Every structure is written in structure tokens, then in C-alpha cells.
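The values are calculated or read from the model by the stated rules, or taken from the named source; none is laboratory data. Source: prediction; values computed, not measured. We place every Cβ from the backbone using ideal geometry, glycine too, and count neighbours over all the protein chains shown.
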Ligand code: TMP
Ligand code: ASP
């Protein structure tokens, strides 16, 4: 079936459907890092990330978090409620890594006393800068009420996801969420939750490079990128099957 493409991003293509309230997200194998300065392909990533995201969205729905997920017509396609994406990346950190270490000098692996919720401006031309509460209001990126709501939702997702991944023998170091509003103005968790958007460390590995199970393997040229993504999928599916018994 030929579909109308609405939007193409770095990791997904969004297609229209016959229902104006529903779109299809087609997950790609393309990988980018550092604002697309680095480009490549991770074989099988589209199917892997779509399946992982499906399990995690279903799980979060069970935890009382509204998401855009409807169902998956194929392994790399997700039918989702059409939302207006807020131009924000909501990042939650449990352990210091990535830009937090670079910008604050905190040593990699520092366990944070409480989860840190941060907002970044989803704007490639500006390099996705970190926002303050007042800048969010200044730029009208979210209302004060939405900021509070997003912080609570992000922390709720963090608690639920930390527990889920812990049962997969994975530590959720940090992750990025995106939210959108549906035609009724309801805030829905959107986009994806996958090794592209989370840092996950293998609890069965102590070596700081071998334990990396996410896109940092691609960002830092650590090798065995596909293996890590496949391993995360395997553990997530096993945990999902265990939970449904
Ligand atoms: P950071 O340490 O580079 O700021 O990344 C924090 C988390 O957000 C990490 O889990 C990776 C994820 N992330 C994305 O999903 N997309 C992005 O564009 C960036 C920069 C980070
Ligand atoms: N997704 C972002 C990009 O391409 C950055 C990242 O994930 O590191 O550019």
C-alpha cells in the first residue's frame, strides 16, 4: 500500500493513514550521533527499536502513563495516535554520563542522589541546547502547568523503567522522552524508548566498555553495536513474556 509521507526524521518516517487521528511510525536502521555529524547504519535496528518501544509503551500504560501507541502492524512499524510533538527532549538521569559529565565535570558513573530531570530544546539548528524553567516559559515551549506535569511523568516513567530494566539485568543510566498533545489536548508519551534513546549498562559486565548496551557503542565506536541491540531486545522480550504469565 502506498502511503503519504508526512515527515522524515533521523530514525523514523511518519506516514498518514486513512484515519486523520492515526499515523504510522516506520523505524529505520539509520543511525546518527552528535547532531547527525556522524552517520551510519545499525542493521536490524528499526525492527529491534520498534519491538522494544512497543513492550515498554505497553508496560508504561499498565503503570498508568498514557502513550501514543496503538499497535504494531509489522516488526518495524507502529500505529500511533497522531500528536503535536512538543519541541522538547525530556532527559532523566540516574547516573552521570554523557553531556552531564562533559558540562559539569562529574565523574562518569556517579550515582545521583535523586533522578535529575532536564529539558532540552529540540532544535537541530541550535544544537538542542539545555533549557531552564524560565527559558521554557520565555519561548512558550510549555506552560508552567505542563512543565510540572512533564516532570512528574518523567519521574514516574523513570521509576517504572528502572524496575523493568533491573529485571533484565540492565541499569538505566539515563534516557530521553518526547511528549505530544492529541486532538483533545491530552499529553501523551510519544516517539520511542530504545537503546537509541536510553543509556543501558549490563549488570553482568563490570568492564566500562563491555557493559555498554546502547547507542554509545555507535557514538564511541566500541564495536558489536548490533549484538548489544539484539541482546537488549532478547532480555526485554523475555521480561515481557515473564510478566504476562
Ligand atoms: P546526553 O548525555 O548526550 O545529553 O544524553 C542523555 C540521554 O538522552 C541519553 O540516554 C541519550 C539520549 N539522547 C537522545 O535520545 N537523543 C539525543 O539527541 C541526545 C543528545 C541524547
Ligand atoms: N540523535 C542525535 C543525533 O543524531 C544525537 C545522539 O543520539 O547522540 O544527532
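What to note about this one:
- Within the range 183-220, the set of residues being within 16 Å of ligand 2 (Cβ to nearest atom), farther than 20 Å from residue 110 by Cβ and touching a helix residue (DSSP H, G or I) at 6+ places or on another chain (Cβ under 7 Å) comprises 192, 193, 194, 195, 196, 217, 218.
- Among residues of the range 21-49 being in a loop (DSSP other than H, G, I, E, B) and surrounded by 15 or more Cβ atoms within 10 Å (Cβ to Cβ), the one that is farthest from ligand 2 (Cβ to nearest atom) is 44.
- Which numbered condition residue 228 fails, given (1) surrounded by fewer than 17 Cβ atoms within 10 Å (Cβ to Cβ); (2) touching a helix residue (DSSP H, G or I) at 6+ places or on another chain (Cβ under 9 Å); (3) on the phi < 0 side of the Ramachandran plot: (1)
- Of the listed requirements (1) within 20 Å of residue 154 (Cβ to Cβ); (2) crowded, with 17+ Cβ neighbours inside 10 Å; (3) in contact with a helix residue (DSSP H, G or I) (Cβ under 9 Å, 6 or more places away or on another chain), residue 89 misses just one: (3).
- Only listed residue being surrounded by fewer than 18 Cβ atoms within 10 Å (Cβ to Cβ), modelled with pLDDT of 95 or more and within 16 Å of ligand 1 (Cβ to nearest atom), chosen from 200, 222, 177, 189: 222
- Taken together, 33, 25 contain a single residue that is farther than 20 Å from residue 183 by Cα, within 16 Å of ligand 1 (Cβ to nearest atom) and modelled with pLDDT of 95 or more, which is 33.
- The combined condition, being within 16 Å of ligand 1 (Cβ to nearest atom) and either modelled with pLDDT under 95 or not in a loop (DSSP other than H, G, I, E, B) (or both), is not fulfilled by residue 235.
- Number of positions in the range 114-145 that are crowded, with 18+ Cβ neighbours inside 10 Å and part of a helix (DSSP H, G or I): 1
- There is no residue in the range 62-69 that is more than 16 Å from ligand 1 (Cβ to nearest atom), closer than 18 Å to residue 225 by Cβ and touching a strand residue (DSSP E or B) at 6+ places or on another chain (Cβ under 9 Å).
- Pairs, first free of Cβ contacts under 8 Å to residues at least 40 places away in the same chain and under 20 Å from residue 227 (Cα atoms) in the range 29-44, second within 11 Å of ligand 1 (Cβ to nearest atom) and not in a loop (DSSP other than H, G, I, E, B), C-beta under 6 Å, six or more apart: 39/32
- Out of 18, 61, one residue alone is free of Cβ contacts under 8 Å to residues at least 24 places away in the same chain, within 17 Å of the chain's Cα centre (by Cα) and either at positive phi or not in a strand (DSSP E or B) (or both). It is 61.
- Considering each residue of the range 202-218 in turn, at least one proves to be closer than 27 Å to residue 32 by Cβ, without any contact (Cβ under 8 Å) to a residue 40 or more places away in the chain and part of a strand (DSSP E or B).
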